[in-house]
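Report on the structure given below.
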Amino acid sequence: MSSNPTSIHYVILTAMLAPAFFLTATATLLSAANNRLARVVDRLRSLIVTWEAEAPDRKERDVQIARHRQRAHLVLRACQLLYTALACFVGTSLTLAMDAGLDFRMGALPTLLAVLGVSFLLGASYSLWREVNLAVRSFDRELDHELARRLR
């Protein structure tokens, strides 16, 4: 360690704050994912109400329910990955502090946790990307179905 303990503390604190940027990005994505999940669940509930009404387009409603259920599972997976990423970034910050207290004996553990966090963030982004694609395809099909119904 350096001869100036104050400068070491600033270096350690600065290193501990670096994961905060990832924490902020992850929390923002998590908030957006939770909002998406709430919208999907609301849409599913409205489809179930019309599904129970024995409408003439019940088959189409069955397909819509299946698609929205798949969307809900994709958003759920993204939320799980984001919570895991959040834990990794918090772990990164904590291991950086512990590593400094242990005279830097933890090796690559802080870096490994950060890499894992970023990897989980990437996985969550992919899951959300798939859900958005499914949402747009679902909307297109519902719109096509409604336009065809009105033209009859």
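Out of Thr95, Thr84, one residue alone is free of Cβ contacts under 8 Å to residues at least 24 places away in the same chain and among the hydroxyl-bearing types (Ser, Thr, Tyr). It is Thr95. Among residues of the stretch 55-74 that are modelled with pLDDT under 90, those with a Cβ under 9 angstrom from a residue that is of a type in the set (Phe, Trp, Tyr), sequence gap 6+ or separate chain, pair up as Arg58/Trp51; Arg61/Trp51; Asp62/Trp51; Gln64/Trp51; Ile65/Trp51. Comparison of Ile8, Ile12 shows that the only residue that is touching a Ser or Thr at 6+ places or on another chain (Cβ under 9 Å), over 29 Å from Tyr126 (Cα atoms), surrounded by 13 or more Cβ atoms within 10 Å (Cβ to Cβ) and in contact (Cβ under 8 Å) with a residue 40 or more places away in the chain is Ile8.
Over 9 Å from the mean Cα position of the chain (by Cα), modelled with pLDDT of 90 or more and assigned to a helix (DSSP H, G or I), is that true of Ala100? Answer is no for this residue. Within the stretch 110-152, the set of residues being charged (D, E, K, R) and part of a helix (DSSP H, G or I) comprises Arg130, Glu131, Arg137, Asp140, Arg141, Glu142, Asp144, Glu146, Arg149, Arg150.
Restricting Leu94, Leu81 to residues that are under 30 Å from Val11 (Cβ atoms), at pLDDT 85 or above, hydrophobic (A, V, I, L, M, F, W, C) and in a helix (DSSP H, G or I) narrows the list to Leu94.
Under the condition of being surrounded by fewer than 15 Cβ atoms within 10 Å (Cβ to Cβ), modelled with pLDDT of 85 or more, farther than 30 Å from Val40 by Cα and not β-branched (Val, Ile, Thr), the residues counted in the stretch 104-152 number 3.
Looking at (1) closer than 23 Å to Asn133 by Cα; (2) under 17 Å from the mean Cα position of the chain (by Cα); (3) among the hydroxyl-bearing types (Ser, Thr, Tyr), find the lone condition where Thr84 falls short. In the conditions (1) closer than 23 Å to Asn133 by Cα; (2) under 17 Å from the mean Cα position of the chain (by Cα); (3) among the hydroxyl-bearing types (Ser, Thr, Tyr), Thr84 misses (1) alone.
The values are calculated or read from the model by the stated rules, or taken from the named source; none is laboratory data. Because the structure is a prediction, the values reported are computed rather than measured. Please note: Cβ atoms are built from the backbone with ideal geometry, for glycine as well, and neighbour counts cover all protein chains shown.
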